[in-house]
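First up is the structure itself, then whatever we jot down about it.
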Amino acid sequence: MGKALETRYPILLVHGLLGFVRLPGHSYWNGIDAALRRQGAAVYPVRLSGVHDNEALGEQLLERIAAIRAVSGARRVNLLGHSQGGLSARYAAARRPDWVASVTTVATPNQGSEVADRLRHRVPPSGRSERLLARGFEGLARLMERLECAEPGVCLPLDGPASLLALTSEGMAGFNARYPQGLPARWGGEGAGEVDGVRYYSWSGTLQTRDDAGLDLDPGHVLCRQLARCFVREAEQNDGLVGRFSSHLGKVIRSDYPFDHLDVINRCGGRREGEDKPLGVYLEHLARLAEAGL
């Protein structure tokens, strides 16, 4: 079975805002990377700046791709990005489609996040509030970087204000005008499944009713529910940080999995079973990539 799911090209896992690869006692991908490796895939979680704009992160990702191509001997890679990591992946694929076989965005604000819009509205640019907010986000990102077990001592550039703007609807409109590959022609639709030889996929989830055991005791889920109050256009159709239809890109696998923004990277652990288990979605996608010869 392992051989049947082995992909032709390595898989790079790209974290989102304030992300990391592994902190002491905790992995960003919560066992997803290990599960994919057990099926025979070559998997490389990569570390980028915790706080920066999409283009800067995309340039860092291109450096990581170049290094992994050199180490693995692979001509191309499959990129799978969570949240803002999907935007980094889109940039890299647009700039170097010859290096990228596929892009999969997971709970990515491809049309912007209403949470970022609300925050931008409440924190005007270049003011004292923005400076304080940026200092807090950059400080947290730097702390996690210092705790990072991989690549100790490496200080990546940080830019809090640029990161906030990049995730707004306005910021994403500009990004999408420059890098439209895989975007739907209409709201809520699907985009081109292949552009410049790169396959595009996406999936995401939506917040569910509160009758699931343990949800009220999960601080991450509680936070997502609080942030969901920021949504107007996609009220009741979001994962707490990203709207369902805003996440659409290329071939949409599904955009209403019963996952919040953190569940989708398997943070829910064993709380969900069967088809509602996030890990199973990743294994299904591994099989999809393998079947497509990617």
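The values are calculated or read from the model by the stated rules, or taken from the named source; none is laboratory data. Please read all numbers here as calculations on a predicted model, not as lab measurements. Methodologically, a virtual Cβ is constructed for each residue, glycine included, from the backbone with ideal geometry; neighbour enumeration extends over all protein chains shown. These accessible areas exclude ligands, DNA and RNA; they are computed on the full protein's heavy atoms, side chains included. Shrake-Rupley method; radii C 1.70, N 1.55, O 1.52, S 1.80 Å.
Over the stretch 79-178, average the accessible area per residue using a 1.4 Å probe and give it in Å², no decimals.
44
Let me have the relative contact order for the chain, percent, based on Cα pairs under 8 Å that are six or more residues apart.
It rounds to 22 percent for the chain.
Within the stretch 1-111, what whole-number % of the accessible surface is contributed by carbon and sulfur, with the 1.4 Å probe and all protein chains included in the calculation?
Answer for the stretch 1-111 is 51 percent, counting heavy atoms of protein chains only.
Determine the order of 99, 203, 187 by accessible area, beginning with the largest, at a probe radius of 1.4 Å.
Putting 99, 203, 187 in descending order of accessible area: 187, 99, 203.
Could you please put 98, 33 in sequence from largest to smallest accessible area, using a 1.4 Å probe?
Descending order: 98, 33.
Looking at the chain only, what percent of DSSP beta bridges run antiparallel? Nearest 5 please.
20
When the Karplus curve 6.51 cos²θ - 1.76 cosθ + 1.60 is applied with θ = phi - 60°, which whole-Hz ³J(HN,Hα) does each residue of the stretch 278-294 get, with x for Gly and Pro?
Those phi angles translate into x, 4, x, 5, 5, 5, 4, 6, 4, 4, 4, 5, 5, 5, 7, x, 9 Hz.
Go through (1) 31.5, 103; (2) 17.8, 57; (3) 26.9, 81 and flag the label whose value is the computed Rg and Dmax of the Cα atoms in Å for this structure.
Here the calculated entry is (2).
Ranking request for peptides 79-86, 136-143, 125-132, 237-244: highest mean number of other beta-carbon atoms within 10 Å first, then the rest in descending order.
Highest to lowest by the protection proxy: 79-86, 237-244, 136-143, 125-132.
Heavy atoms only, probe 1.4 angstrom, no DNA, RNA or ligands counted: give me 291, 145, 284 ranked by accessible area, highest first.
291, 284, 145
Tell me, what HN-Hα J-couplings in whole Hz come from the Karplus equation 6.51 cos²θ - 1.76 cosθ + 1.60 at θ = phi - 60° for each residue of the stretch 184-198, using x for Gly and Pro?
Running phi through 6.51 cos²θ - 1.76 cosθ + 1.60 with θ = phi - 60° gives x, 6, 9, 4, x, x, 9, x, 4, x, 8, 9, 6, x, 9 Hz.
Can you tell me how much longer the chain between residue 144 and residue 121 gets when fully stretched, taken as 0.36 nm per residue apart minus their C-alpha distance, in nm with one decimal?
This chain segment gains 5.5 nm when fully extended.
Using the per-residue mean of other Cβ atoms lying within 10 Å as a proxy for protection, in what order, highest first, do the peptides 35-42, 247-254 fall?
Ranked from most to least packed, the peptides come out as 247-254, 35-42.
Tabulate in residue order the Karplus-calculated ³J(HN,Hα) for the stretch 114-128, using 6.51 cos²θ - 1.76 cosθ + 1.60 with θ = phi - 60°, rounded to whole Hz; enter x for Gly and Pro.
Karplus values, whole Hz, x for Gly and Pro: 5, 5, 5, 4, 5, 5, 4, 5, 7, 10, x, x, 6, x, 5.
Whose amide H sits under 5 Å from the amide H of residue 103, counting only residues 5 or more places off or on another chain, with H placed in the peptide plane?
Sorted by chain and number, the residues that satisfy this are 79, 199, 200, 201.
Need one value: the accessible area of residue 20 in square angstrom, 1.4 angstrom probe, rounded to the nearest 10.
So the heavy atoms of residue 20 present about 20 Å² to solvent.
Using helices alone, what [θ] at 222 nm do you get for the chain, with -39,500 (n - 2.57) per DSSP H run of 4 or more residues, divided over all residues and rounded to the nearest 500?
Dividing the helical sum by the residues of the chain leaves -11500 deg cm²/dmol.
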